[in-house]
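A short write-up of the structure that comes next.
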Amino acid sequence: MRWFWIDRFTEFVSGSHASGIKNVALDEEVVDEYLPGYPVLPPTLIIEGMAQLGGILVAEHFKFEKRVVLAKVGKATYHQPARVGDQLRYRVDFKSANDTGAVATGHSVCGTQPQADIDLMFAFLEPGHLVDGPLFQPGDLRTMLRIMNFFHVAVDADGNPLPHYDNL
């Protein structure tokens, strides 16, 4: 993954939900160029930010042993654009999982107003199917999660800090 579309984890409860923030800034090229003269964060990247939170929530549920990818956006509703200077607060709720994938819902808020709601479906890639090798180089995902404060806020269902998984 080249970019993360979340800036920081603010809450993470294993098997339940994850929350994070995304600050919309004009110095991000995609914000400046998506609609010339009207700088906004493209709606697809709002989906991607919530999908990244949800993908990490699902991957952690399986102790980071499954290769989790976004398979489908079941529904997406946008209530308002995300403009420069806005801070989006994302929350993704884990709904269910089986041997082939998982389901989550995402909600974005800007200030006190709803910004977007989405339904996400994730699939698990088996080794040798579509992608050979790991999705990340060894240690890269751990480093990215550390930078985004994942390990500062991540807890299990009982409120205990999560372990540092060896396969990250």
Q.
I'm checking my understanding of the structure. Among residues of the stretch 64-88 that are among the small types (Gly, Ala, Ser) and in a loop (DSSP other than H, G, I, E, B), which one is nearest to Glu48 (Cα to Cα)?
A. Ala82
Q. Could you say which residue among Arg91, Arg83 is under 15 Å from the mean Cα position of the chain (by Cα) and of a type in the set (Lys, Arg)?
A. Arg91
Q: Determine whether Gly85 is of a type in the set (Gly, Ala, Ser) and in contact with a strand residue (DSSP E or B) (Cβ under 6 Å, 6 or more places away or on another chain).
A: no
Q: Considering each of Arg8, Arg2 in turn, give the residue that is at pLDDT below 95 and among the basic types (Lys, Arg).
A: Arg2
(Q) Out of everything in the stretch 71-83 that is at pLDDT 95 or above and in contact with a Leu (Cβ under 9 Å, 6 or more places away or on another chain), what residue ends up being surrounded by the most Cβ atoms within 10 Å (Cβ to Cβ)? (A) Ala82
Q.
Out of everything in the stretch 40-58 that is hydrophobic (A, V, I, L, M, F, W, C) and not in a helix (DSSP H, G or I), what residue ends up being surrounded by the fewest Cβ atoms within 10 Å (Cβ to Cβ)?
A. Val40
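For every residue, the table says whether it meets (1) of a type in the set (A, V, I, L, M); (2) farther than 19 Å from Gln52 by Cβ; (3) not in a strand (DSSP E or B).
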| residue | (1), (2), (3) |
| --- | --- |
| Tyr90 | no, no, no |
| Ser96 | no, yes, no |
| Ala102 | yes, no, no |
| Phe136 | no, no, yes |
| Ala157 | yes, yes, yes |
| Leu168 | yes, no, yes |
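Yes/no matrix, rows are residues, columns are (1) crowded, with 18+ Cβ neighbours inside 10 Å; (2) modelled with pLDDT under 95:
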| site | (1), (2) |
| --- | --- |
| Arg89 | no, no |
| Phe94 | yes, no |
| Thr105 | yes, no |
| Gly111 | no, yes |
| Phe124 | yes, yes |
| Gly128 | no, yes |
| Asp132 | no, yes |
| Leu141 | yes, yes |
Q.
I'd like the full set of residues that are buried (at least 19 other Cβ atoms within 10 Å of the Cβ) and free of Cβ contacts under 8 Å to residues at least 60 places away in the same chain, limited to the stretch 1-39.
A. Trp5, Val31, Pro39
**Q.** Residue among Asp99, Asp158 that is at pLDDT 95 or above and not aliphatic (A, V, I, L, M)
**A.** Asp158
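The values are calculated or read from the model by the stated rules, or taken from the named source; none is laboratory data. Keep in mind the model is a prediction, meaning the values are calculated, not measured. Glycine gets a Cβ as well: all are built from the backbone with ideal geometry, and neighbour counts include every protein chain shown.
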